[in-house]
Amino acid sequence: MGWAQLRCVVSRSDSKPVATAFSTRHDSRMPKEPKWLAFCCLAILLALYAVGVVHHGVLRPIVQTLPLWVPIVLGFRGSEFAKWSALPCLIIWLASMMLIWLFGIAWVYVALGRFSPIDIAMTVIVGAASAGGFFASVRWRTATRPFSAGAVALLFGAMQFFAIWASLSPAVAHR
């Protein structure tokens with residue numbers, strides 16, 4: 001037995017290992033989808049932080065990406081709730097990038113101004129990471145109950161929408 005298989009919580013007096021909801025398993029039996037989702041969410045987060053650093057405004061991307069921290073942590077822990085917390089965030093970010101791309105080719109007018117080459121590269125990274133995470137989550141079959149999955153998805157969809165909306169306020173946007 002390897003060290004990763006011995007990681008569990010002992011909660012009985014007879015010293016039998018009992019897995020809990022918060023135990024981590026880093027062995028070959030963990031599906032690859034949770035880590036894939038975590039890496040996709042992390043790529044979105046880092047791309048948005050990079051644009052914030054370039055444009056001298058890191059508060060806005062920090063606020064925008066707050067909901068992404070939960071699927072990142074849950075994904076690296078192998079939790080099935082990583083799928084349901086990441087899915088609405090990924091959909092919102094992919095839709096946002098598609099609107100920016102349509103604005104870039106002058107099909108849709110949703111913003112004023114111009115996008116720098118860094119901004120365009122960020123949209124490609126965020127769009128690719130969102131699409132990759134979306135397809136990974138669709139492929140991943142979980143045993144989560146439908147009510148719990150729906151509640152988590154609605155909560156994180158609302159959180160992501162509110163985070164983007166809050167980042168547009170003048171107090172956050174100009175810092």
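Please verify whether Val53 is at pLDDT below 90, in a helix (DSSP H, G or I) and either surrounded by fewer than 14 Cβ atoms within 10 Å (Cβ to Cβ) or within 10 Å of the chain's Cα centre (by Cα) (or both), treating the condition exactly as stated.
Judged against the criteria, Val53 is a match.
Listed by first and then second residue, the pairs linking a residue in the stretch 72-85 that is farther than 18 Å from Leu46 by Cα and free of Cβ contacts under 8 Å to residues at least 60 places away in the same chain to a residue that is in a helix (DSSP H, G or I) and of a type in the set (A, V, I, L, M), with Cβ atoms under 8 Å apart and 6 or more places separating them unless they lie on different chains, are Ala82/Leu37; Ala82/Ala38; Ala82/Leu74. When we screen Ser130, Ser96, Ser79, Ser116 for residues that are among the hydroxyl-bearing types (Ser, Thr, Tyr), out of contact with any His (no Cβ under 6 Å at 6 or more places or on another chain) and farther than 17 Å from Tyr49 by Cα, the only hit is Ser79. If you check Ser96, Ser85 for being of a type in the set (S, T, N, Q), in a helix (DSSP H, G or I) and touching a Phe, Trp or Tyr at 6+ places or on another chain (Cβ under 8 Å), only one passes: Ser85.
The values are calculated or read from the model by the stated rules, or taken from the named source; none is laboratory data. Note that the structure is a prediction, hence the values are computed from the model and not measured. Ideal geometry is used to build each Cβ from the backbone, glycine not excepted, and the neighbour counts take in all protein chains shown.
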